[in-house]
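Comments concern the structure below.
The values are calculated or read from the model by the stated rules, or taken from the named source; none is laboratory data. Just so it is clear, the model here is predicted, and its values are computed rather than measured. Using ideal geometry, Cβ is built from the backbone for each residue, glycine included, and neighbour counts are taken over all protein chains shown. Note: areas computed on protein heavy atoms with side chains; ligands, DNA, RNA excluded. Shrake-Rupley method; radii C 1.70, N 1.55, O 1.52, S 1.80 Å.
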Amino acid sequence: MKAIVFYQHGDLAQVRYESVPRPEIGPEDVLLQVKAVAYNRLDLWVLAGWPGLNLKLPHVMGSDGAGIVAAIGQNVTGFAVGDRVAVNPTLSCGHCAYCLSGRDNMCDRFAIMGEHVDGFAAEYTAVPARNLLHLPESVPFDTAAAASLAFVTAWHSLITRGRLQAGESVLIVGAGGGVNTAAIQIARLAGAGPIYVVGSSAAKLVLARDLGADVTINRHEEEWGKAIFKATNRKGVDVVVDNVGAATYFQSLRSLKKGGRLLTVGNTSGPQFEIDNRLLFGKHLSIIGSTMGPMSDYEQVMGLVFNGRLQPVIDSTYPLSDGVQALRKLQAGEVAGKVVLVL
Ligand code: ZN
């Protein structure tokens with residue numbers, strides 16, 4: 001079968017579109033005929049690699065996918081060949097203390113498809129049946145693939161961990177990525193507001209407004225920390241969503257009002273930075289981190305995608321054979337929403 005793979009870590013020059021063996025499935029798995037794959041920045045981090053990431057090579061890329069069940073393992077119930085499905089990309093053991101308490105994204109054997117094991121950028125992939133949701137006929141495969149990782153991550157961060165309430169003011173730092181475009185919509189759906197969004201281009205900020213932002217700030221045109229200070233009558237906001245990290249954390253903490261929460265699921269500009277601790281205790285701030293989300297959150301947020309109340313933004317689509325070119329577009333950073341491969 002054809003796939004987007006790499007044989008060694010490095011840059012995009014290592015990525016190939018070529019034939020690899022079709023995967024075997026275990027008794028609890030289904031063989032998924034992939035119909036759509038969505039890329040995440042995670043794919044570029046995995047390609048670059050890091051100490052402790054030991055992949056079986058070649059590695060099939062892509063952490064988001066949806067498709068049709070092509071075969072089922074002997075213990076699989078609830079799904080049949082031909083079913084349309086969406087896939088929660090978080091893998092878990094199902095029996096550790098975290099899994100048994102419904103926190104399967106904290107599983108002792110936590111893994112993400114496409115990060116620690118083969119992903120979706122292939123004609124077929126093996127997926128545990130308990131990661132599947134039935135995908136309604138009315139929902140296209142590319143919508144399901146584009147939503148999965150970003151929406152479960154944003155939902156878990158804002159709603160489950162962040163306990164975002166109606167009427168709370170929110171600042172989202174970053175406008176174009178999958179998680180941030182999901183976060184704007186989820187904040188709007190939760191009744192939060194005003195919703196402030198800081199972005200790097202006019203096009204991304206127009207998109208942010210379309211998705212529900214009340215106030216947008218172009219970080220190239222004004223110092224956004226000051227702009228937030230001014231817009232909130234020097235009080236700051238209740239919640240900041242910051243998945244940028246090193247470049248923005250200080251301003252994000254300063255932008256919070258007393259008792260505020262900073263929510264984070266990542267750090268696109270770098271993971272290590274200094275924090276002025278006086279801000280934390282002096283303003284009674286909380287920093288709340290999380291990664292991915294449990295299956296219960298996946299079901300909840302995808303239910304809202306399936307009924308159209310949340311809608312992933314798709315920047316562009318490519319055939320699988322152009323999967324390397326699509327990664328190049330993602331790396332260039334000028335995307336508003338998801339880059340998707342359609343098979
Ligand atoms: Zn577990």
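Quick notes on this one:
- V20 falls short on exactly one of the conditions (1) in contact with a Lys or Arg (Cβ under 6 Å, 6 or more places away or on another chain); (2) buried (at least 17 other Cβ atoms within 10 Å of the Cβ), and that condition is (1).
- Among the residues making up segment 29-64, those that are polar (S, T, N, Q) and open to solvent by less than 60 Å² (accessible area, probe 1.4 Å) are N40, S63.
- Residue within segment 124-135 that is touching a residue at least 24 places away in the same chain (Cβ under 8 Å), within 16 Å of the ligand (Cβ to nearest atom), charged (D, E, K, R) and farther than 30 Å from G191 by Cβ present: yes
- Close pairs (8 angstrom Cβ cut-off, 6 or more residues apart or separate chains): within 11 Å of V46 (Cα to Cα) in segment 2-18, assigned to a strand (DSSP E or B) and open to solvent by 70 Å² or more (accessible area, probe 1.4 Å) anywhere: F6/R16
- Residues within segment 92-118 that are farther than 14 Å from D297 by Cα and within 10 Å of the ligand (Cβ to nearest atom), tallied: 12
- Within segment 40-64, being aromatic (F, W, Y) and part of a loop (DSSP other than H, G, I, E, B) holds for one residue alone: W50.
- Given (1) surrounded by 15 or more Cβ atoms within 10 Å (Cβ to Cβ); (2) within 22 Å of L132 (Cβ to Cβ), number of the condition G26 does not satisfy: (1)
- Residue match in segment 23-30 (condition: in contact (Cβ under 8 Å) with a residue 40 or more places away in the chain, within 16 Å of the ligand (Cβ to nearest atom) and part of a loop (DSSP other than H, G, I, E, B)): yes
Conditions tested, residue by residue: (1) farther than 16 Å from S290 by Cβ; (2) in contact with an Asp or Glu (Cβ under 7 Å, 6 or more places away or on another chain); (3) open to solvent by 10 Å² or more (accessible area, probe 1.4 Å).
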| residue | (1), (2), (3) |
| --- | --- |
| A145 | yes, yes, no |
| F151 | no, no, no |
| G177 | yes, no, yes |
| A182 | no, no, no |
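- Filtered residue count, segment 155-210, keeping only those that are of a type in the set (A, V, I, L, M, F, W, C), part of a helix (DSSP H, G or I) and within 22 Å of E222 (Cα to Cα): 7
- Qualifying residue in segment 296-304 (condition: within 21 Å of the chain's Cα centre (by Cα) and modelled with pLDDT under 95): no
- Remark: pairs (first residue in segment 85-108, open to solvent by 80 Å² or more (accessible area, probe 1.4 Å); second residue assigned to a loop (DSSP other than H, G, I, E, B) and more than 9 Å from the ligand (Cβ to nearest atom); Cβ separation under 7 Å; 6+ apart in sequence or on different chains) = R103/P294.
- Checking every residue in segment 265-278 against the condition of being surrounded by 14 or more Cβ atoms within 10 Å (Cβ to Cβ) and not in a loop (DSSP other than H, G, I, E, B) gives zero matches.
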